[in-house]
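Scroll down for the structure; my scribbles are underneath it.
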Amino acid sequence: MDIDMNSKYERLLELFEEISKTPRKSGSEKEIALFVCNFAEKLGLEHSMDNYYNVIVKRPADEGMEEKKKLMFQAHLDMVCEKVSDSNHDFSKDPIDIIKSEGLYTANGTTLGADDGIGVSILLLLMETSDIKLPLTYFVFTTQEETGMAGAKNIDFNGVDVNYLINLDSEEENSIIVGCAGGVTLYFEKENHLYDISDPVYQIEISGLKGGHSGVDIDKNRVNAICLSAKILSALSSVHLISFNGGTKTNVIPSNSTVVFSTKSENMEEDINSVINNIDFCPEDKDLSISVKKLEGEFQGLSELASKEIISLLLDLQQGVISKADIVETSGNIAIIEMNGEIVKLCESMRSNVSEQLVNYRDMNITLADSLGFIIKAGEEYPGWDYNPKSNLIDLYVSAYQTVHNGEKPIISSIHAGLECGLLKDKLSDVDIISIGPDVKDVHTPNERLHLDSCKKLISTIIEFITKID
């Protein structure tokens with residue numbers, strides 16, 4: 001049967017634009033989940049939605065495909081909601097303002113949501129297609145992936161039996177992901193006393209850093225705004241912290257930070273320059289802006305000792321790439337700091353493709369924070385996903401890829417980021433898994449870009465793969 005790939009591609013973009021009209025912030029996926037249910041209802045497909053707004057759609061095998069391996073395609077409904085500092089976009093109600101230019105989709109001052117909106121759109125496209133014969137296929141839409149994977153952790157696959165699972169949450173069309181890192185998030189909190197401030201008070205605002213995904217972008221040497229603020233503060237004398245805020249998401253490298261403090265330092269500009277001149281900035285951080293402003297008025301802040309302890313913790317928690325072999329093995333990211341009075345709260349996300357390293361790194365940071373009087377709480381935790389060297393699914397997809405790409409071989413690799421595959425594998429017995437996706441750059445930032453030509457190639461490869469299913 002002839003398949004018009006141009007119409008498939010155009011329909012895919014229509015679906016992406018359609019779902020981008022519906023807000024889908026992590027933890028607020030009800031509306032988009034209902035959209036998926038209504039979409040399945042119109043197609044006459046069996047579907048269910050649970051209390052986490054996970055949606056499972058079942059498409060029965062087409063004629064002649066009843067004995068083929070059973071499939072599951074999976075994507076997550078939520079998106080990271082980041083915007084530029086002067087944007088008025090309200091992620092709770094506003095549609096994403098998509099800009100199309102030169103073969104790209106971007107958004108107007110916000111994250112685009114191609115992570116994982118394009119995966120969701122591919123699932124919808126496959127659900128409705130009538131000119132491609134499918135075996136028994138489940139389409140699974142999970143929630144809260146970006147904030148701890150609560151949907152995947154709690155989804156119920158009772159009665160679901162599949163052979164192959166294709167996750168649509170990767171970001172390079174020429175790659176097949178066959179394993180991922182596990183991770184854990186730690187929360188640190190400490191209550192301090194406030195004292196009247198007598199020394200001059202300043203505000204330092206850092207902005208313009210690139211930021212990015214704290215997994216896939218962690219090896220790009222992008223500066224963490226919170227850590228940069230801490231380095232500057234450590235170069236000043238007699239610092240008393242008044243407020244300190246930076247970062248917004250646990251899986252994003254902070255690009256902005258604002259700290260208010262007092263100091264006895266008399267050469268502020270010289271002290272800041274001495275720090276900046278000793279940092280090897282990557283080219284992507286070229287838009288760094290450091291604004292220093294003297295504040296007037298009466299203030300209360302922390303003692304010099306309490307301030308030093310906070311700054312020391314920020315400097316001593318290992319950040320960025322901690323260990324690396326062929327790929328990044330272990331990394332850390334101070335994602336959020338909040339301090340507007342007596343209480344300071346920190347959030348750190350850690351990842352590792354080596355489970356023992358993750359445990360050791362977590363325990364070391366807990367010990368460090370505990371020695372400084374912080375209360376520690378373990379937050380989101382998810383398992384890694386190990387490469388299966390006997391995977392038949394990998395071989396099938398490689399064959400399909402080479403057919404579409406004129407013999408070119410895809411890259412087969414594990415990724416230093418968290419995917420839901422580890423959690424889903426634990427719930428499905430003997431399932432073979434890969435993760436794929438189109439080219440999406442600078443995810444989790446307002447610079448997120450979806451390369452449209454890669455979407456067309458991906459759809460062609462997926463359809464070719466379906467024709468090869470054993």
Problem set entry | Average Cα contact separation per residue, the range 376-470, under 8 Å, 6 or more apart, as relative contact order % | 34 percent
For this session: Compute the acute angle (0 to 90°) between the alpha-carbon long axis of helix 304-316 and the principal axis of greatest extent of the alpha-carbon atoms of the chain; round to the nearest 10°.
Result: 30 degrees
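Work out, step by step, the length gained on full extension between L295 and N221: first 0.36 nm times the residue separation, then minus their alpha carbon distance; give nm to one decimal. List each step's numbers first, then the result.
Working: separation 74, 0.36 × 74 = 26.64 nm, distance 3.28 nm.
Stretched out fully, the L295 to N221 stretch lengthens by 23.4 nm.
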Problem set entry | GluC sites (Glu not before Pro) within the range 186-274, DSSP loop, no more than 14 other Cβ atoms inside 10 Å | E266
Exercise. Using the alpha-carbon atoms, what tilt in degrees (0 to 90, nearest 10) does helix 30-42 show relative to the longest principal axis of the chain?
Worked result: 10 degrees
For this session: Mind jotting down the three principal axis lengths of the range 146-301 based on Cα atoms? Whole angstrom, largest first.
Result: 68, 37, 19
Exercise. Within the chain, what's the longest stretch lacking trypsin sites (Lys or Arg not before Pro) that sit in DSSP loops with no more than 11 other Cβ atoms inside 10 Å?
Worked result: 94-285
Exercise. Angle, helix 225-234 long axis vs. longest principal axis of the chain, Cα atoms, 0 to 90°, nearest 10?
Worked result: 20 degrees
For this session: Stick to Cα atoms and the Kirkwood definition of Rh, then tell me Rg/Rh for the range 184-382.
Result: 0.97
Problem set entry | For the range 269-333, radius of gyration divided by Kirkwood radius, i.e. Rg to Rh on alpha-carbons | 1.07
Exercise. In Å and whole numbers, how far do the C-alpha atoms of the range 111-227 stretch along each principal axis, longest first?
Worked result: 75, 32, 25
Exercise. How long is the gain from S323 to L104 if the chain were fully straight, where each residue apart is worth 0.36 nm and the alpha carbon distance is subtracted?
Worked result: 75.4 nm
Seminar exercise, completed: Expressed as a whole-number percentage, the relative contact order of the chain with C-alpha contacts under 8 angstrom and at least six residues apart is 23 percent
Seminar exercise, completed: Cα pairs beyond 26 Å in the range 24-139, in percent, come to 31 percent
Exercise. Across the chain, how large is the tail of the calculated P(r) beyond 36 Å, expressed as a percent of all Cα pairs?
Worked result: 32 percent
Exercise. Mean 1/r over all different Cα pairs, inverted: what Kirkwood radius does the range 350-405 give, in Å?
Worked result: 14.8 Å
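Readers should treat all values here as calculations from the given coordinates under stated rules, not as data from a laboratory. Predicted, not measured: the structure shown is a model, and the values here were computed from it. Every residue, glycine as well, gets a Cβ built from its backbone with ideal geometry; the counts of neighbours run over all protein chains shown.
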